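Before any comments, here is the structure.
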Amino acid sequence: LQWLLDNYETAEGVSLPRSTLYNHYLRHCQEHKLDPVNAASFGKLIRSIFMGLRTRRLGTRGNSKYHYYGIRVKPDSPLNHLQEDMQYMAMRQQPMQQKQRYKPVQKVDGDGFTGSGQQTGTSAEQTIISQSQHHQQFLDASRVLPEFGELEISSLPDGTTLEDIKSLQSLYREHCEAIVDVIVNLQFSLIEKLWQTFWRYSPSAPADDTAIIELSNLSEIESRLPKGKLITLCKNESILKWMGNCDHVMYQALVEILIPDVLRPIPSALTQAIRNFAKSLEGWLSSAMNNIPQRMIQTKVASVSAFAQTLRRYTSLNHLAQAARAVLQNTSQINQMLSDLNRVDFANVQEQASWVCQCDDNMVQRLETDFKMTLQQQSTLEQWAAWLDNVMMQALKPYEGRPSFPKAARQFLLKWSFYSSMVIRDLTLRSAASFGSFHLIRLLYDEYMFYLVEHRVAQATGETPIAVMGEFGDLNAVSPGNMDKDEGSEVESEIDEELDESGEPQAKREKTELNQAFQVGCMQPVLESGVQQNLLNPIHNEHIVATTQTIRQCSATGNTYTAV
């Protein structure tokens, strides 16, 4: 009883395979030389301790297992680290059983367990399943694929019927549900097979049983929607838009399944598996769609690229969070950070940043005070996250409900980053002992603020975060009109990108003006104070643009640098 209470806890929205709990129990009994009870008695024991526990059957058809819903291993339990390396290897294998519609013959990849190519089915299956089940408790397996929006099409493409449109919708829904199934079961390598099946990829010379079964799957789909009609439908703009929206909904669901909480600790093996999966996505999809119209390929790749980028960002954010958690729990480091922070000249930081950011002095001072107070209280990572969320909400509150909200959110991120870089610069110049801790905290808070703004913009625009990030994913496809869709709002860009009368590019003109400014002496006060060396230091390159704009005003007004 005490062992169960020490290692497990109730938690909403998570599940744990029944076999995993029993295996943990058997291992505990073996280590302490105890006689274990049978599985049925163990189940009754668990239910007597964790009241209200429910049982669910989760997994793909033919490979589903009973799970306890509402229980998880405690984050600090040593059970989290059992056989982690072996579990990572298991996630790279193809499963023994799959849904009949996409069922390949089992074979082991070259990067998995070595051997002669033959395995005893029972032992291999049990090893793979048991090794991957541990990581499934970190997923949100209860999440289902949301309904897709309606396909609005004004006229049918030539050679197609309304039944063909319905077949495409039905097939694509089944296809997306199959993707969700394999992701929930951490069978990442099967995504490529699902894409090949849906987009009718066929190898030139099938040579094994796997290829033969894949061809039978292709025949089944071909009978419902012939490839010729699929290609015709892929050229229709309404269908392109509908499928892009479907992808955004599906990929957002997958992100929330794989990383339900970006701050919650995730095993390093699972993190690496997700990153490797993200790295492979674009190549798998492009290969599977080699005979599909280019416009459809661009639409699909743009969506999957936003999905892969989101997975990489969220896993990096999670890694930063765990590193920062250790710093925030260290009293001596917190005290050193407070000591160094109190030496920072925030008045000077505000003077330099105010010309660029034009933020209210009172608000900046309030944030400085709140930050120091929160640090002094040795707040947890979750409390810091709540503080950052409150900062973001207060900064964007004046723009809520306005068309300019997305642009205001982007401007807020730029200002936040500028202020934090100025503080880091001051700590650098003072050779602060806690610089490493501040650098780590700054990276985390910048990334988490990006995460918060991304979700807030998605909420304000009625889109998914994947769709928000994918909006400008393909820079070649973005028109200037799209980039300036908020033009005319009260949030104005201060960047002048026009050419001057001589037709010189801005970068070249600013370099000339910088040299002229040094020559005519408007930078003399800066030179005398020795700032020139700091300005040209690579650490401060991000401030050169702001400084150059100031120098341009010197030349235009005849004033000194200090006066401007």
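The values are calculated or read from the model by the stated rules, or taken from the named source; none is laboratory data. Keep in mind that what you see is a predicted model, and the values were worked out from it rather than measured. We place every Cβ from the backbone using ideal geometry, glycine too, and count neighbours over all the protein chains shown. Each accessible area value is taken on the protein alone, full model and side chains, heavy atoms only, with ligands, DNA and RNA left out. Shrake-Rupley method; radii C 1.70, N 1.55, O 1.52, S 1.80 Å.
Things to note:
- Exactly one residue among 294, 272 is open to solvent by 70 Å² or more (accessible area, probe 1.4 Å), in contact (Cβ under 8 Å) with a residue 40 or more places away in the chain, out of contact with any Ser or Thr (no Cβ under 7 Å at 6 or more places or on another chain) and of a type outside the set (Gly, Ala, Ser), and that residue is 272.
- Condition met for residue 139 (within 20 Å of residue 262 (Cα to Cα) and either in a loop (DSSP other than H, G, I, E, B) or at pLDDT 85 or above (or both)): yes
- Across segment 399-446, the number of residues qualifying as among the aliphatic types (A, V, I, L, M) and under 24 Å from residue 325 (Cβ atoms) comes to 10.
- Filter pass, residue 8 being open to solvent by less than 40 Å² (accessible area, probe 1.4 Å), within 21 Å of residue 140 (Cα to Cα) and at pLDDT 85 or above: yes
- Subset tally (residues that are part of a helix (DSSP H, G or I) and either more than 16 Å from residue 465 (Cβ to Cβ) or polar (S, T, N, Q) (or both)) for segment 288-310: 13
- Restricting segment 143-169 to residues that are in contact (Cβ under 8 Å) with a residue 40 or more places away in the chain, closer than 30 Å to residue 15 by Cβ and not hydrophobic (A, V, I, L, M, F, W, C), the residue that is most open to solvent (accessible area, probe 1.4 Å): 143
- Filtered by the rule that a residue be modelled with pLDDT under 90, more than 24 Å from residue 274 (Cα to Cα) and of a type in the set (S, T, N, Q), segment 164-203 gives a lone residue, 202.
- Checklist (1) open to solvent by less than 40 Å² (accessible area, probe 1.4 Å); (2) at pLDDT below 90 applied to residue 475, failing item: (1)
- Criterion: aliphatic (A, V, I, L, M), out of contact with any helix residue (DSSP H, G or I) (no Cβ under 6 Å at 6 or more places or on another chain) and not in a loop (DSSP other than H, G, I, E, B) - qualifying residue of 285, 230, 281, 240: 230
- Complete set of residues in segment 427-447 that are touching a helix residue (DSSP H, G or I) at 6+ places or on another chain (Cβ under 8 Å), part of a helix (DSSP H, G or I) and open to solvent by 30 Å² or more (accessible area, probe 1.4 Å): 428, 429, 435, 439, 440, 442, 443, 446, 447
- Only listed residue being open to solvent by 50 Å² or more (accessible area, probe 1.4 Å) and of a type in the set (Phe, Trp, Tyr), chosen from 384, 355: 355
- Single residue of segment 453-467 satisfying the filter (over 18 Å from residue 260 (Cβ atoms) and not small (Gly, Ala, Ser)) that is surrounded by the fewest Cβ atoms within 10 Å (Cβ to Cβ): 461
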